[in-house]
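The values are calculated or read from the model by the stated rules, or taken from the named source; none is laboratory data. Remember, it's a predicted structure, so these values are computed and weren't measured experimentally. FYI the Cβ positions are ideal-geometry reconstructions off the backbone, even for glycines, and counts take in every protein chain you see.
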């Protein structure tokens, strides 16, 4: 795929990630930039307002300028269908179409976690962070955070000191570092991890960008650990998002009279986070404590399936309930073709493990109810 066209997709007015993904289910990127507006109008979800403001030529021209900037500043654009895109984030329905990275990072490693917390880190919070990170040394775990004041930057700094790969997700373009005080740390992170953003160069660190940043932090990780948090703030948003994505969330409890313990205590009280008091608690829960432990091989549920069909089965297994449309998005298979594959799988012989079969029946029935079955 043409990189200029991919970047240009993100510059189309009123084209969010979901709308672009809808478009790309109907046509490839090159077709989108060649298709008539009449053809585009026939695609479900594409309305008049989108077409009125559609200027693909202007978007392509801007994309070429950005591409030149990326080449000069060693920034790598990553499209959501690329193999190099964060695989965990790709499972999230609201994952960005494009990401921009700087550095040598391994966010598709076997173990990736987020460490987040208050901007007003206390001695207690730093002590918890120290114990946690010291326990992660040698475990091949990548640590993600948001490069913000407080727990975020403290976690990044300690990772650098301990030799743990760390990634900072930014709420602005990669042409700057915010806050500027963290520039030296960010530069060191590029050598042992890196920086990641969905925002193009020139994007300022505006307030509304940080909740968007938080969804990337939550979505690209196996687990989110909240060290310290007040009653409100980005850490709680990240924890809520991680819960929405069915990821594990952990929190350190704190003094009930301390302002920056209230957020963690709330998450634990509402059963939105597992209580941990040490790195060992976390590693035991994740079953990451024994490096020699091999994952249990899952029994083969179906027989005589192609590689593509096996991938669909695996995708359904990973989520307790998944809609037909989301399955099509995650597997990147057209709706009509996916209908036929699901029917074939249902006819296959299977072992006496019924959960996945029931889930497939659910998906097929949903597709019929949504009138997509015969498309």
query: Here are 69, 107: which of them is in contact (Cβ under 8 Å) with a residue 24 or more places away in the chain and buried (at least 21 other Cβ atoms within 10 Å of the Cβ)?
result: 107
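So that you can scan it fast, the table gives a plain yes or no per residue for (1) within 21 Å of residue 111 (Cβ to Cβ); (2) more than 25 Å from the chain's Cα centre (by Cα); (3) at pLDDT 75 or above:
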residue: 271; (1), (2), (3): no, no, yes
residue: 276; (1), (2), (3): yes, no, yes
residue: 290; (1), (2), (3): yes, yes, no
residue: 293; (1), (2), (3): yes, yes, no
residue: 303; (1), (2), (3): no, yes, no
residue: 308; (1), (2), (3): no, no, yes
residue: 311; (1), (2), (3): no, no, yes
- prompt: From the list 265, 280, which one is assigned to a helix (DSSP H, G or I), at pLDDT 70 or above and loosely packed, with under 14 Cβ neighbours inside 10 Å?
  reply: 280
field: Test result for residue 214, crowded, with 21+ Cβ neighbours inside 10 Å, outside the structural domain of residue 63 (by TED's automatic domain parsing) and on the phi < 0 side of the Ramachandran plot
entry: yes
task: Can you work out which of the residues in the range 268-277 that are in contact (Cβ under 8 Å) with a residue 12 or more places away in the chain and in a loop (DSSP other than H, G, I, E, B) is surrounded by the most Cβ atoms within 10 Å (Cβ to Cβ)?
output: 273
